[in-house]
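One structure is given below, encoded as structure tokens.
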């Protein structure tokens, strides 16, 4: 397991080697995510593994955890939202393959054999943020 999350890696080589990474990414290094948070202070803890499954398909699995500063859409107060996100992505090399697998798994289109890990983490976290966040006092 390698310390740190690289910006990008060669997908085919990472899968062939069974590469794994763990480390933190500062929220300030993820500008699209930081723009929707109350603060860019803090970091995301990330663990990723590139591998082949039992059927020989290329996958990227792992998890992302952290605390994100959001604004409750009910009381309008800022609060810390705990993020715990599991990833299990099937790596595909064409849009046709992506469309074909869409109902069976979560495909990730890999262009130019490059996995852009920071971009991927940022996108997955943005997608996980609730549309109308509510703090624990208002969630009842």
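The numbers here are math on the coordinates, done by the rules we state, and not lab data. What you see is a predicted model, and the numbers here were worked out from it, not measured in a lab. Positions of Cβ are generated from backbone atoms using ideal geometry, with glycine treated the same way; all protein chains shown enter the neighbour counts.
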Item to check | Residue of 64, 25, 126 that the Gaussian network model of the chain assigns the largest fluctuation, springs spanning Cα pairs under 10 Å | outcome: 126
Checklist outcome for this item: Of the convex hull drawn through the C-alpha atoms of region 1-125, the volume per residue in Å³ is 117 Å³
Next on the checklist: Test of understanding: in a Gaussian network model of the chain with alpha carbons linked when under 10 Å, which of 13, 128, 55 would top the mean-square fluctuation ranking?
Outcome noted: 55
Checklist entry - For region 71-140, what is Rg from Cα atoms divided by 2.2 N^0.38 Å, rounded to two decimals? => result 1.49
Checklist entry - Looking at the chain, what % of its DSSP beta bridges pair antiparallel, to the nearest 5? => result 85 percent
Next on the checklist: Output the 0 to 90 degree angle, nearest 10, between the alpha-carbon long axis of helix 117-128 and the longest principal axis computed from the alpha carbons of the chain.
Outcome noted: 50 degrees
Checklist outcome for this item: Here the gain from full extension of residue 16 to residue 137, 0.36 nm per residue of separation minus their alpha-carbon distance, amounts to 38.8 nm
Item to check | Separation in nanometres of the label points that stand 7 Å from Cα toward Cβ, at residue 8 and residue 52 | outcome: 2.5 nm
Next on the checklist: At 0.36 nm per residue, and after removing the present C-alpha to C-alpha distance, how many nm does the segment from residue 123 to residue 95 gain when stretched out fully?
Outcome noted: 8.2 nm
Item to check | Helical mean residue ellipticity (222 nm; -39500 (n - 2.57) per DSSP H run of 4+; nearest 500) of the chain | outcome: -5500 deg cm²/dmol
